[in-house]
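The values are calculated or read from the model by the stated rules, or taken from the named source; none is laboratory data. Please read all numbers here as calculations on a predicted model, not as lab measurements. Every residue, glycine as well, gets a Cβ built from its backbone with ideal geometry; the counts of neighbours run over all protein chains shown. Note: accessible area is taken over every heavy atom of the protein model, side chains too, but ligands, DNA and RNA are not part of it. Shrake-Rupley method; radii C 1.70, N 1.55, O 1.52, S 1.80 Å.
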Amino acid sequence: MCRGRGLRGGAAAAALVLLLGACSEAGSTGGRAPAPASPSEPSTAPPATPAVPVADPEHAVEPPGERDGRLWSADILVQWDQPLDDDLVKKIEKLRGVAHTERIGLGQVSLENRVLTVASVDPADYRHFTRAEVADFQEAWDRVAGGELAIDRAVARRLADADGMIRLGNEDEAPTLHVGAYTPQIPTIDMVVNTAWAEDIEMATNNGLLISTDDITPATIRKPLERLVGEDVSVQMLDVASRIGLDPDARLTAIPTGGTLGSVVGTYRYRVAGGGRIDPDPGWVAANIRTEVVPILGSVTCHKDLFPQLRAALLEVQQRGLADEINPGEYAGCYYPRFIANTTTLSNHSFGLALDLNVPGNLRGTVGEIDRDVVAIFKTWGFAWGGDWRFTDPMHFELSEVKAVG
C-alpha cells in the first residue's frame with residue numbers, strides 16, 4: 001500500500017463523481033493517474049469492488065459502508081474558534097425548525113495565496129448533507145476514510161501536482177494528501193478530509209456545526225441562533241451562499257491551521273463589505289496591523305510580525321548592491337482587506353502577510369523579470385515566492401516561516 005506523503009496515482013475510477021487513482025501498481029501508468037472520464041461520458045469503471053485500497057493507513061478511519069438513512073439539506077453552517085459545547089448543541093437542536101445537526105471540524109489553509117476552507121469529517125455521517133449523487137458514490141467516501149482528500153474539481157486543477165498531490169500549507173513540512181475524489185462541495189467548504197488528518201493539519205475536529213432545517217426558511221432562525229451562540233460565532237445561511245458565494249449578513253470567521261499562518265493570524269473575523277472588500281474585526285486590526293518604514297520601499301502597512309523579516313530581507317538586498325532591482329514606485333502593497341479579484345476567497349494580503357513587488361514586469365502566469373538573487377534573499381528570510389507556483393505570480397512574496405532576526 002502507498003503512503004500519504006510519497007503517494008503516486010494509479011488506476012482511475014469515474015461515475016457521477018470523478019475519482020483520481022489512489023495507488024500505482026507495478027506496470028501501471030508510470031506513477032501517474034489516467035485522466036478521469038467526463039461526467040457526461042458513460043462510466044468505464046468496473047462494478048464496485050469489495051474493498052478500496054487504503055491510501056494512507058496512518059490516516060485511515062473506519063470505512064463508512066453503504067449509505068444508511070435519509071439525506072439532509074445543508075442549510076446553515078456555524079463555526080466557532082473552539083470545540084463545541086454539548087449543552088449548547090442540545091439547545092440549538094431544540095430551536096423550532098432545526099431538523100438535524102452534524103458536528104465537523106473547520107479550518108483554513110493557505111495554498112498559493114488562496115485561503116481555503118478544509119472540513120474534517122466523519123465520512124459516514126457527513127455524506128448525508130451532500131448532494132444525492134455525491135452521498136451515494138461509495139468509492140468517494142471509502143477513499144476519504146482511507147486518508148485521501150475530496151475536493152472540487154476546479155480547485156484541484158489549480159492546486160494538485162501531476163501526481164494528484166496537494167500540500168495543505170506553505171511550509172515544507174505541511175501534510176501532503178492525495179486527491180481521491182472530485183466532488184462538489186457544500187457551499188463555503190473547499191475540501192474534505194477525515195478526522196484522522198486533523199492533528200497533522202493542526203485543525204479542530206469539533207468546532208463547526210451543520211444544521212438542516214424543516215418547514216421554515218433557514219434565515220428565520222438566524223436571530224435566535226445568534227443569541228444562543230454569541231456574537232463572535234460565524235452563522236452562515238448556506239442557501240444564500242450557494243447563490244451568491246457568501247452570506248452577506250454573516251460575521252465570517254477564518255481560523256488558519258497550524259504553522260506560520262496559524263500562529264501569526266489567530267482567529268480572523270470579518271464581514272463582507274461589497275465591491276470585493278471586507279471589514280475585518282477592528283480589534284484584530286488594532287492588535288496586528290502597523291504602518292512602519294522599511295529599507296528601499298519606505299512606509300508600508302503590514303502585519304506587525306512581518307516587519308522583522310521584511311526589514312532583514314530588504315536590508316540584505318541593499319547591502320548586496322541589489323536595491324535598484326526593487327522599484328518602490330512599482331510596489332503594490334501589503335495589507336489589503338479584500339477578496340482575491342472576482343472571487344470570495346481571502347488572500348494573505350487580507351492578513352497583511354504578503355507583498356507585491358515590481359508589478360508591471362511580473363504579472364500572473366509569467367516567469368517574471370524580478371532578479372533571482374532578490375528572490376533567493378527573500379526565501380532565506382522565510383518568504384514563499386509566487387513564481388514557484390503552478391500558476392505563477394512572480395510579483396508576490398508571502399510569509400511562510402517565522403525566523404528569528406538579530
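Would you be able to tell me the number of residues in segment 278-296 that are open to solvent by 20 Å² or more (accessible area, probe 1.4 Å) and over 18 Å from GLY266 (Cβ atoms)?
The number of residues fulfilling the criteria is 5.
Could you please find all residues in segment 234-263 being crowded, with 21+ Cβ neighbours inside 10 Å, among the hydrophobic types (A, V, I, L, M, F, W, C) and part of a loop (DSSP other than H, G, I, E, B)?
ALA250, ILE255
With respect to the numbered conditions (1) modelled with pLDDT under 95; (2) more than 25 Å from ALA135 (Cα to Cα), which one is the sole condition not fulfilled by ARG67?
(2)
Looking only at segment 116-128, how many residues end up being in contact (Cβ under 8 Å) with a residue 60 or more places away in the chain and open to solvent by 10 Å² or more (accessible area, probe 1.4 Å)?
Looking only at that region, the number is 4.
Please specify each residue of segment 52-70 satisfying the condition of being open to solvent by 50 Å² or more (accessible area, probe 1.4 Å) and in a helix (DSSP H, G or I).
Result: PRO57, GLU58.
Between GLY266, GLY275, which is of a type in the set (Gly, Ala, Ser), surrounded by fewer than 14 Cβ atoms within 10 Å (Cβ to Cβ) and at pLDDT below 95? Walk me through how you get there before you give the answer.
Working: GLY266 fails: surrounded by fewer than 14 Cβ atoms within 10 Å (Cβ to Cβ).
Checking each option against the conditions leaves just GLY275.
Name the one entry in ARG222, ARG227 that is more than 30 Å from ALA145 (Cβ to Cβ) and open to solvent by less than 30 Å² (accessible area, probe 1.4 Å).
The match here is ARG222.
Just for segment 142-160: of the residues that are of a type outside the set (A, V, I, L, M, F, W, C) and touching a strand residue (DSSP E or B) at 6+ places or on another chain (Cβ under 6 Å), which one is surrounded by the most Cβ atoms within 10 Å (Cβ to Cβ)?
Per the stated criteria, the residue is GLU148.
Per-residue answers, yes or no, for (1) in contact with a strand residue (DSSP E or B) (Cβ under 8 Å, 6 or more places away or on another chain); (2) among the hydrophobic types (A, V, I, L, M, F, W, C); (3) surrounded by fewer than 22 Cβ atoms within 10 Å (Cβ to Cβ):
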{"residue": "GLY321", "(1), (2), (3)": "no, no, yes"}
{"residue": "GLU330", "(1), (2), (3)": "no, no, yes"}
{"residue": "CYS334", "(1), (2), (3)": "yes, yes, no"}
{"residue": "HIS349", "(1), (2), (3)": "yes, no, no"}
{"residue": "ALA354", "(1), (2), (3)": "yes, yes, no"}
{"residue": "GLY361", "(1), (2), (3)": "no, no, yes"}
{"residue": "ARG364", "(1), (2), (3)": "no, no, yes"}
{"residue": "ARG372", "(1), (2), (3)": "no, no, yes"}
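List every residue pair whose Cβ atoms sit under 9 Å apart, with the two residues 6 or more apart in sequence or on different chains, where the first one lies in segment 338-355 and is over 20 Å from GLY262 (Cβ atoms) and the second, anywhere, is assigned to a strand (DSSP E or B) and of a type in the set (S, T, N, Q).
Once the first residue is over 20 Å from GLY262 (Cβ atoms) and sits in segment 338-355, no partner that is assigned to a strand (DSSP E or B) and of a type in the set (S, T, N, Q) comes close enough.
Within segment 218-225, is even one residue within 20 Å of ASP81 (Cβ to Cβ), touching a residue at least 24 places away in the same chain (Cβ under 8 Å) and touching a strand residue (DSSP E or B) at 6+ places or on another chain (Cβ under 7 Å)?
yes
Among residues belonging to segment 131-172 that are in contact with a helix residue (DSSP H, G or I) (Cβ under 8 Å, 6 or more places away or on another chain) and modelled with pLDDT under 90, point out the one that is farthest from THR260 (Cα to Cα).
Result: LEU168.
Scan segment 297-309 for residues that are touching a strand residue (DSSP E or B) at 6+ places or on another chain (Cβ under 6 Å) and either in a helix (DSSP H, G or I) or free of Cβ contacts under 8 Å to residues at least 40 places away in the same chain (or both) and report the count.
Within segment 297-309, residues that are touching a strand residue (DSSP E or B) at 6+ places or on another chain (Cβ under 6 Å) and either in a helix (DSSP H, G or I) or free of Cβ contacts under 8 Å to residues at least 40 places away in the same chain (or both) number 4.
Looking only at residues in segment 181-204 that are among the charged types (D, E, K, R) and in contact with a Leu (Cβ under 9 Å, 6 or more places away or on another chain), which one is farthest from ASP152 (Cα to Cα)? Lay out the reasoning, then the answer.
Applying the first criterion (among the charged types (D, E, K, R)) to segment 181-204 yields 190, 199-200, 202.
Next, only the ones that are in contact with a Leu (Cβ under 9 Å, 6 or more places away or on another chain) stay: 190, 200.
On the way: ASP190: 7, ASP200: 22 Å.
Taking the candidates together, the pick is ASP200.
Determine which member of the set GLU112, GLU93, GLU139, GLU171 is among the acidic types (Asp, Glu), free of Cβ contacts under 8 Å to residues at least 12 places away in the same chain and surrounded by fewer than 23 Cβ atoms within 10 Å (Cβ to Cβ).
One residue alone meets the criteria, GLU93.
Anything in segment 275-290 that is more than 16 Å from ALA354 (Cβ to Cβ) and not in a helix (DSSP H, G or I)? List them, or say none.
GLY275, GLY276, ARG277, ASP279, ASP281
Can you list residue pairs whose Cβ atoms sit under 7 Å apart, with the first residue in segment 379-391 being touching a residue at least 60 places away in the same chain (Cβ under 8 Å) and the second being in a loop (DSSP other than H, G, I, E, B) and of a type in the set (A, V, I, L, M, F, W, C)? Count only pairs 6 or more apart in sequence or on different chains.
Short answer, once both residue conditions are applied: GLY382/VAL402; GLY386/MET395.
Quick test for you: out of SER40, SER73, pick the one residue that is open to solvent by 40 Å² or more (accessible area, probe 1.4 Å), of a type in the set (Ser, Thr, Tyr) and at pLDDT 90 or above.
SER73
In segment 180-191, what count of residues is obtained for those that are in a strand (DSSP E or B) and within 24 Å of THR260 (Cβ to Cβ)?
Summing the residues that are in a strand (DSSP E or B) and within 24 Å of THR260 (Cβ to Cβ) in segment 180-191 gives 1.
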